[in-house]
1. On the basis of being under 14 Å from Gly8 (Cβ atoms) and either of a type in the set (Ser, Thr, Tyr) or at pLDDT 95 or above (or both), does Pro74 make the cut?
2. Mind checking which residues of region 1-13 are touching a residue at least 24 places away in the same chain (Cβ under 8 Å) and within 16 Å of the ligand (Cβ to nearest atom)?
3. Output the residues belonging to region 89-146 that are of a type in the set (D, E, K, R) and within 16 Å of the ligand (Cβ to nearest atom).
4. Does region 30-66 hold any residues that are in contact with a helix residue (DSSP H, G or I) (Cβ under 8 Å, 6 or more places away or on another chain) and closer than 10 Å to Leu4 by Cα, and which are they?
5. Here is a list: Ala62, Ala69, Ala36. Which entry is over 26 Å from Asp20 (Cα atoms) and touching a Pro at 6+ places or on another chain (Cβ under 9 Å)?
6. Restricting to region 71-88, count the residues that are part of a strand (DSSP E or B) and near the ligand (Cβ under 10 Å from one of its atoms).
7. May I ask you to list the residues in region 91-123 that are among the β-branched types (Val, Ile, Thr) and not in a strand (DSSP E or B)?
8. Have a look at Asn102, Asn73 and point out the one that is under 16 Å from Gly127 (Cβ atoms), in contact with a strand residue (DSSP E or B) (Cβ under 6 Å, 6 or more places away or on another chain) and surrounded by 21 or more Cβ atoms within 10 Å (Cβ to Cβ).
Amino acid sequence: MNILLLNGPNLNMLGQREPDQYGHQNLQTLVDDLTAQAESAGVSLEHFQSNAEHALIDRIHAALGNTDAIIINPGAFTHTSIALRDALLSVTIPFIEVHLSNVHARESFRHHSYFSDVAAGVILGLGPIGYSLALTAAINLPTNTK
Ligand code: DQA
């Protein structure tokens, strides 16, 4: 089973970026922890982070035919990107939307997501553990068999 982890803009700044919102863990250690979790579950996890919308879209297209589930934190593209939503719909790979912060407890422009209504599930407000929960959920999605 192959799972793709996607992180959108500014998530490369985790650890330094607004720690009150996003905590102190950096992206590399978050991905290392998740990779270890995937390995012990016997699944393959690939990670891609980009600050560029087109790069994320291209990576989603490249997942067609070789990926069972996607875990995505679209960052600020959550609230703006119809193009990224369309890319996910185009490959028909089930995906789980993750946010470190509780976007509903923040500015009103963060309350709308272009992804949530077409996601298999949404996890938010739990910090890095949300990624771990998303990985467990992705492995156990009803459509996926290891
Ligand atoms: C975020 C929430 C978004 O509103 C914000 O733009 C981010 C991070 C989160 O993980 O909480 O970049 O997706």
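The values are calculated or read from the model by the stated rules, or taken from the named source; none is laboratory data. Nothing here was measured: the structure is a model prediction, and the numbers come from that model. A quick note on method: Cβ atoms are made from the backbone with ideal geometry, for glycine too, and the neighbour counts reach across all protein chains shown.
1. So Pro74 passes the test.
2. Across region 1-13, the qualifying residues are Leu5, Leu6, Asn7, Gly8, Pro9, Asn10, Leu11, Asn12.
3. Within region 89-146, Glu97, Arg106, Glu107, Arg110 qualify.
4. Residues satisfying the conditions are Ser44, Leu45, His47, Phe48, Ile60, Ala63.
5. Ala69
6. Of the residues in region 71-88, 2 are part of a strand (DSSP E or B) and near the ligand (Cβ under 10 Å from one of its atoms).
7. Across region 91-123, the qualifying residues are Val91, Thr92, Ile93, Val103, Val118.
8. Selected residue: Asn73, the only one of Asn102, Asn73 that is under 16 Å from Gly127 (Cβ atoms), in contact with a strand residue (DSSP E or B) (Cβ under 6 Å, 6 or more places away or on another chain) and surrounded by 21 or more Cβ atoms within 10 Å (Cβ to Cβ).
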